[in-house]
């Protein structure tokens, strides 16, 4: 079967290339006709720029995707031909994968373009699950991109006082519309002083760094 896929032949370069896919499936695999795939700005951005350790070119890329199931392996019970499947996947028009996370019977009740963003919410959920935060604690979230915004909402739903920090006004406004109450523009305010003021000098029990900048580690510790 012929398909198209995104390949990164060199640093800061991406091309759309034809490829041939063997339709033979392992027992736990499905064959997926991709409708939408999601780009991870952090993980894939590091691969695109060559900043990720061990990056070798050329290489493919991918994160998650949703599409229609064309064929299933003999041991697959989670989905059937004609279903929609959300899975880990490369950026390709046709893929074989065993990493199915969610399945949907058509017709879909939500816009399929939105479903791959579930993956970013699961990244944010990890920060909540592995933290020692408890009901009533204060959590400071650094960055209000996809992960930071989701983390802010999740910590808020878990009963914590959430203080979110961002430089981009548009992201701050989106977070406000999502119900995040305490927002700090780090270009306009002293973050540490504002956090102290909001916590009566106690600062935060948990800090989530959601922008991938290791230089902020010292700030977190302080």
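The values are calculated or read from the model by the stated rules, or taken from the named source; none is laboratory data. This structure is a prediction, so every number in the text was calculated from the model and none was measured. Every residue, glycine as well, gets a Cβ built from its backbone with ideal geometry; the counts of neighbours run over all protein chains shown.
Among the residues of the range 184-210, the ones that are within 19 Å of residue 127 (Cβ to Cβ) and either in a helix (DSSP H, G or I) or at pLDDT below 85 (or both) come to 2 in all.
Taking the listed residues 121, 151, 139, 133, the one that is more than 18 Å from residue 184 (Cβ to Cβ) and outside any loop (DSSP other than H, G, I, E, B) is 121, with no other qualifying.
When you look at residue 48, is it within 17 Å of residue 119 (Cβ to Cβ) and in contact (Cβ under 8 Å) with a residue 24 or more places away in the chain, yes or no? No, not satisfied. Filtered by the rule that a residue be in contact with a strand residue (DSSP E or B) (Cβ under 7 Å, 6 or more places away or on another chain), assigned to a loop (DSSP other than H, G, I, E, B) and farther than 24 Å from residue 122 by Cα, the range 74-105 gives 80, 81, 82, 93. Residue selection: residue 157 fails the criterion of being over 19 Å from residue 37 (Cα atoms) and crowded, with 20+ Cβ neighbours inside 10 Å.
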